[in-house]
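Peer 1: One structure, as structure tokens, below. Some questions next.
Readers should treat all values here as calculations from the given coordinates under stated rules, not as data from a laboratory. Computed from a predicted model, the values in this text were never measured in an experiment. Note: ideal-geometry Cβ built from the backbone for every residue, glycine included; neighbour counts use all protein chains shown.
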Ligand code: PSV
Ligand code: MN
């Protein structure tokens, strides 16, 4: 049986119903923006070129440390995960790429995986390694660490896995590997901080030496969890130190959920961008810790301020500035496809709003210490409803005016529930 795919005609019918009101809203916004010196078509076209990768592990229902409540019609293998990523891109038109996680996404036949992605018009973003869990049949355990483990043999095994991820990624056309390790300690005195960091640098250099010349290695820091007392790559400073030591192909990856509460993440972004060490992002949102909630759902203003720094770096550095943008979320109580559609939309929204900031006015206000005018300039952009720009960018590329409404109209989930009867096993997500 051929897998059900959302057809162009479902999207076209949906768009036909939305066309008149979208045109009116777009024209009205265009007029308001032109009074502020902003050309709406140019913002729409810039937003249309933006890409944020979908995490393969995000299309299945996630879980917490306590439980996982499986959804219906969940993908059962990497091919079905790609099918869901295709549905997301067909409707949302902001996620042309998929970020794979090994060994979760290891396919027997890489050629088949590659051609499946090609047929769907998808490409592969950074690959992610996993040395934070033990896998079936694995010789040595990561219970006390992986790249930083005291035992050289465990470190070698973890390095080998990362090198294998690079090989798999090469086959698939990826150009980067993201390395996150959960290594650290749970109690004071458990680990020597200096020795653990030195071991990390030694292992990471071995991975770095395996990078093809056109690849990047992204180092992802995280404050805590699963290590609850001290984590080896705990913050952006440590990540920057390590990336600098490794060399120009190593850069830092900022996952929005990996900081202490109230951390000024936009400032970290500015610093790393200035140092030319900002490699990529994992977008999500959080209230407390690494909650992995939908992007823009809790702190949309922070997301906008992050994009303000990104646009500012883009203007300063031009084409040379090209971080890899990815979502990294866990969907526990929503349909993962709907969460990912909405998240792509919110990331695009933050970008569009940052693009319409009057930067000349902002800079003049900053120079003159006109605090209120500087703030008003930034918030004027934030308070503008850019929804018509996002919808027009999507429709221009064949996507849906309202992706979630179109997803529901398409009957995709109902079809997948029939096509993919659950076999009761846990296929994706983290518990
Ligand atoms: C760790 O919390 C992390 O953010 C890393 O990116 C992992 O690869 C991912 O989550 C696993 O869900
Ligand atoms: Mn992450």
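Peer 1: Given the rule -39500 (n - 2.57) for each run of at least 4 DSSP H residues, summed and divided by the residues of the chain, what is its mean residue ellipticity at 222 nm, to the nearest 500 deg cm²/dmol?
Peer 2: My calculation for the chain gives -15500 deg cm²/dmol from helical runs alone.
Peer 1: After finding the eigenvalues of the alpha carbon gyration tensor for the chain, what semi-axes result from the square roots of 5 times each, listed largest first in whole Å?
Peer 2: Listed largest to smallest, the semi-axes of the chain are 35, 29, 18 Å.
Peer 1: Could you give the radius of gyration (one decimal) and Dmax (whole number) of the Cα atoms in segment 313-361, in Å?
Peer 2: Computed over the Cα atoms of segment 313-361, radius of gyration and Dmax are 14.6, 43 Å.
Peer 1: Another question about this same structure. Jot down the per residue volume, in cubic angstrom and as a whole number, of the convex hull over the alpha-carbon atoms of segment 94-184.
Peer 2: About 95 Å³ per residue, rounded to a whole number.
Peer 1: May I ask you to derive the relative contact order of segment 315-431, considering only C-alpha pairs under 8 Å and at least 6 residues apart, and to give it as an integer percent?
Peer 2: That works out to 24 percent.
Peer 1: Rounded to the nearest whole Å³, what is the per residue volume of the convex hull around the Cα atoms of segment 142-245?
Peer 2: 93 Å³
Peer 1: Based on alpha-carbon atoms only, what is the radius of gyration of segment 1-151 relative to the globular estimate 2.2 N^0.38 Å?
Peer 2: Ratio of Cα Rg to 2.2 N^0.38 Å: 1.42.
Peer 1: Still on this model: Among 52, 371, 269, which one shows the biggest mean-square fluctuation in a GNM of the chain, springs joining Cα atoms closer than 10 Å?
Peer 2: Highest fluctuation among the options: 371.
Peer 1: Counting C-alpha atoms alone, how compact is segment 384-426: give Rg to one decimal and Dmax as a whole number, in angstrom.
Peer 2: 15.5, 47
Peer 1: Right, here's the next one. Based on the Cα gyration tensor of segment 5-52, what are the three equivalent ellipsoid semi-axes, each the root of five times an eigenvalue, rounded to whole Å and given largest first?
Peer 2: Listed largest to smallest, the semi-axes of segment 5-52 are 26, 16, 5 Å.
Peer 1: Expressed as cubic angstrom per residue, what is the convex hull volume of the alpha carbon set of segment 197-243?
Peer 2: Hull volume over Cα atoms, normalised by residue count, gives 78 Å³.
Peer 1: OK, next. Taking N as the number of residues in segment 36-103, what is its Cα Rg relative to 2.2 N^0.38 Å?
Peer 2: 1.49
Peer 1: Fewest first, what order do 57, 104 take by the number of other Cβ atoms within 10 Å?
Peer 2: 104, 57
Peer 1: Okay, next question. Run through all the Cα pairs of segment 65-127 and give the fraction in each 10 Å bin from 0, expressed as whole percent.
Peer 2: 19, 51, 25, 5
Peer 1: Connecting C-alpha atoms closer than 10 Å in a GNM of the chain, tell me which of 214, 41, 290 has the biggest fluctuation.
Peer 2: 214
Peer 1: What relative contact order, as a whole-number percentage, does the chain give when Cα pairs under 8 Å and 6 or more residues apart are counted?
Peer 2: Taking the mean separation of contacting Cα pairs over the length of the chain, I get 23 percent.
Peer 1: Along the principal axes of its C-alpha atoms, what lengths does segment 199-332 span, in descending order and rounded to whole Å?
Peer 2: Here the spans come out as 39, 39, 24 Å, largest first.
Peer 1: Related question: I need 120, 113 ordered by Cβ neighbour count within 10 Å, fewest first.
Peer 2: The fewest-first ordering by Cβ neighbours comes to 120, 113.
Peer 1: Could you give P(r) for segment 282-385, binned at 10 Å from zero, as whole percent values over all Cα-Cα pairs?
Peer 2: 15, 40, 30, 13, 2
Peer 1: If you don't mind, another one. Quick check on segment 148-188: what does the Kirkwood estimate of hydrodynamic radius come out to from the alpha carbon pairs, in Å?
Peer 2: Kirkwood radius, segment 148-188: 11.9 Å.
Peer 1: Run through every distinct alpha carbon pair of segment 273-338 and return the Kirkwood hydrodynamic radius in angstroms, one decimal place.
Peer 2: 13.2 Å
Peer 1: While we're looking at this one, here's another question. Compute a Gaussian network model of the chain, connecting alpha carbons closer than 10 Å, and tell me which residue from 270, 365, 250 fluctuates the most.
Peer 2: 365
Peer 1: Using the 10 angstrom Cβ neighbour count as an exposure proxy, how do 285, 8, 183, 25 rank, fewest first?
Peer 2: Listed from fewest to most nearby Cβ atoms, that is 8, 25, 285, 183.
Peer 1: With the contact rule set at Cα under 8 Å and sequence spacing of 6 or more, what percent relative contact order holds for segment 120-176?
Peer 2: Computed over segment 120-176, the figure is 44 percent.
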